[in-house]
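Report on the structure given below.
Derivation of every value follows stated rules applied to the coordinates shown; laboratory data play no part. This one's a predicted model, so the numbers in the text were calculated from it and none came from an experiment. Here the Cβ positions follow ideal geometry from the backbone for every residue, glycine too, while neighbour counts run over all protein chains shown.
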Amino acid sequence: MILIGDILISDEVVTEQFICNLEACKGACCREGDYGAPLDEEELEILKQIYPLVRPYLTEEGRAAIDRNGPYAWIEEAEEFGTTLLDGAGPCAFMTTNEAGVAQCGIEQAWKAGAVDFRKPVSCHLYPIRVNKNAAANFESLNYDRWDICSAACTLGRKEKVPVYRFLEEAIVRRYGREFYEELDQAAQFHANTQTAKRPDK
């Protein structure tokens, strides 16, 4: 494990390799799962405020689900809020698709168009890293989330030799800042050098 400040990072975040392969998975993480993207408390109000601006970028089904249920829902099993799903299951209500059938985030499409200044939920931006919080102890841990629908991303990551944290540099900097990322990068390089030194001579 790697500790930076009060953030604990799983070794897998720096040892596993990953690059999203949307041509292969078609954005399956936006379509699959039992509940929506986890949301920080401050993101709840943001989603409510920007929804009128994001609404034109969503599908008819997505707009109907959010108009009916709101932009987020409480997830009993996870004990946190998540984005609304279509009919309470399956695709995220904010999901759209491009001409090739690849899932896209309607919030991010609005952001790219300059309609809003919020890109998308941080949990989506950080995936496959999942953040676990202990509010009482003011403590967070970053863990690599293994999901079989991301097998093509793992294969591509290994081919290109890109660690999870480097693939997610932009998202990590957005959440924790550049200084945190640089410390993580140094720790990752130290970890790699240590593991190389431990290997027996061939």
Handout entry: Kirkwood Rh in Å, taken over the chain so that all alpha-carbon pairs contribute
Key = 18.2 Å
Problem - In segment 96-201, the GluC sites (Glu not before Pro) that fall in loop regions by DSSP, at most 16 other Cβ within 10 Å - result: Glu99
Fill in the blank from the handout: Non-local residues with an amide H under 5 Å from the amide H of Gly27, with H modelled 1.01 Å from N and Pro and chain starts lacking one, are Ala103
Handout entry: Of the GluC sites (Glu not before Pro) in segment 55-96, those whose Cβ has at most 16 other Cβ within 10 Å and which sit in DSSP loop
Key = Glu76, Glu77, Glu79
Problem - Candidates Pro121, Pro38, Pro52: whichever shows maximal mean-square fluctuation once the chain is modelled as a Gaussian network with Cα springs under 10 Å - result: Pro52
Practice task
Work out the count of Lys pairs in the chain where the Cα-Cα distance is under 25 Å, with the pair 8 or more places apart or on different chains.
Solution key: 13
Practice task
If a/c stays under 1.5 just call it rounded; otherwise compare a/b with b/c (prolate if a/b is bigger, oblate if not). Do that for segment 1-109, with a ≥ b ≥ c from the square roots of the Cα gyration tensor eigenvalues.
Solution key: oblate
